[in-house]
1. Considering only residues that are among the hydrophobic types (A, V, I, L, M, F, W, C) and surrounded by fewer than 18 Cβ atoms within 10 Å (Cβ to Cβ), which ones fall in region 236-282?
2. Any residue in region 316-330 that is basic (Lys, Arg), under 17 Å from Lys272 (Cβ atoms), modelled with pLDDT of 95 or more and outside the structural domain of Glu78 (by TED's automatic domain parsing)?
3. Which residue out of Val362, Val291 is buried (at least 16 other Cβ atoms within 10 Å of the Cβ), of a type in the set (Val, Ile, Thr), closer than 30 Å to Val145 by Cα and under 29 Å from the mean Cα position of the chain (by Cα)?
4. For Leu114, indicate whether it is touching a helix residue (DSSP H, G or I) at 6+ places or on another chain (Cβ under 8 Å), buried (at least 22 other Cβ atoms within 10 Å of the Cβ) and at pLDDT 90 or above.
5. Looking only at region 255-264, which residues are in contact with a strand residue (DSSP E or B) (Cβ under 9 Å, 6 or more places away or on another chain) and in a loop (DSSP other than H, G, I, E, B)?
6. Looking for whichever is in contact with a Pro (Cβ under 7 Å, 6 or more places away or on another chain) and over 25 Å from Arg182 (Cα atoms) here; the options are Arg371, Arg333. Which one fits?
7. Being outside any loop (DSSP other than H, G, I, E, B) and within 12 Å of Pro279 (Cβ to Cβ) is the filter here; which residues of region 331-344 pass it?
Amino acid sequence: MSTFKLSRFFSQPEILRRIAPENLLSLLADHAAALEVLGLKLPDDAAVGLDHVRLTSLLLEPDKLPADLREAFYFIHEMATPEGMECLLEAAEQAGVEIVGTPTPGDAAVQVWLKDRELLERKHAEQFLRNPRTFESFASAIAPVPGMRDPVAAAARMKADLDDFFEKKKRGRNTKVFPYVRTDGVWFLVRHGDPFKREGAIDDRGESIGVYYWPEKFDVLVLDPAEGELRINARNKGEKKEYRKVFGRHLYGDEAFFGGEDKYTLEPLREKGEDALAPVEGMEEVVLTEVHFFWGGSHHEREVRKADDIFAAYRDRGRAFPAQPPIIKACFRVTFSDSETPRTVTIKPPNVAQYTRDADSVIVEEWLRARGFVVNRDKEQHEPAVAMVLAGT
């Protein structure tokens, strides 16, 4: 069975909003005393409202939570999708587990967890839904890397700038930045509106009505203060460009701070062969399963090789790994120590990494650096742009 390690955490708070308050409170009820010590007091009545912001904060620092609750949120998070709901409803019907009300995917996952935990875990293991999250990395060329300003205070100041940007894009002035200072860096969740929606709906009287709203969207950004690097998961180039400017301006006093895009190289696959795949702590095995070569020419020729194990396939056919064409993409099957089921990691130079889970990036980035997949940048020598002002100092 998969185990929710402390390095894994819940970073999609929008899913919480999609779970009916009564179901969420039922999930949390057995842990009310422990949660109150952590600053989250459960309301007596679901209609009063739960503090979703505080709950999200705790889920981003899962080591503070009771182990059973961490495990619950891990599986619920994984299965709270339309595909997961379809799978669970079918399995629940076959097992005689009743799903009440008009559930969202999150509601269905919570109800199945509360009524038949083993059923949910089994369906998760069978299906293992993959929803890759793509991060692009942008680094500073300044050395030594200056100290960042207090990320909590900076996050509060970012709101006005991001509100201006999203309002211009017709998304409303609804931005909020949630900073989380962790041992592996500073994680930011940016909540903003998506384009305005008008949808038909049915009210509790069975009447057709119009519903008007800005859908809630969350982007994930990860700052590595030691490297002066910002990893961004957002939908389009405009948003990523604005985040680089705003985060550079408020964290380092320089909106051009995150200017570097040259991070990854796949040459270790050619130079070190299978030695480049040696796992680090937190991994059990890394296997190369797909590699893309760019031959170029007038037709921009590309070659794609796929196999259960690329190096083993070349070896069995008595062929060497190609020595000339640039490697423009590689996919790895990674077995992490927290799960028997492998997950896919994709690297595309110069700066794109795709993970199944956000938190996989912590271990994968360590492995990429250790095996030479991260470019050793020759940073320019500048005086620090801002004084070192660290959180809590």
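The values are calculated or read from the model by the stated rules, or taken from the named source; none is laboratory data. Owing to the predicted nature of the structure, the values given are computational and were not obtained by experimental measurement. Here Cβ is always computed from backbone atoms with ideal geometry, including for glycine, and neighbour counts include all displayed protein chains.
1. Within region 236-282, Ala256, Ala278, Val280 qualify.
2. Start the filter on region 316-330 by keeping residues that are basic (Lys, Arg), which leaves 317, 319, 329.
Pick out the ones that are also under 17 Å from Lys272 (Cβ atoms) and you get none.
For region 316-330, residues basic (Lys, Arg), under 17 Å from Lys272 (Cβ atoms), modelled with pLDDT of 95 or more and outside the structural domain of Glu78 (by TED's automatic domain parsing): absent.
3. Working: Val291 fails: closer than 30 Å to Val145 by Cα.
Exactly one residue qualifies, and that residue is Val362.
4. When the stated conditions are applied, Leu114 does not pass them.
5. Listed by number, the residues that qualify are Phe257, Phe258, Gly259, Glu261, Asp262, Lys263.
6. Arg333
7. From region 331-344, those outside any loop (DSSP other than H, G, I, E, B) are 331-336, 343-344; that's our starting set.
Across region 331-344, the qualifying residues are Phe332, Arg333, Val334, Thr335, Phe336.
To keep it simple, each residue is scored yes or no on (1) on the phi < 0 side of the Ramachandran plot; (2) in a loop (DSSP other than H, G, I, E, B); (3) among the aromatic types (Phe, Trp, Tyr).
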{"site": "Leu266", "(1), (2), (3)": "yes, yes, no"}
{"site": "Glu274", "(1), (2), (3)": "yes, no, no"}
{"site": "Arg315", "(1), (2), (3)": "yes, no, no"}
{"site": "Phe321", "(1), (2), (3)": "yes, yes, yes"}
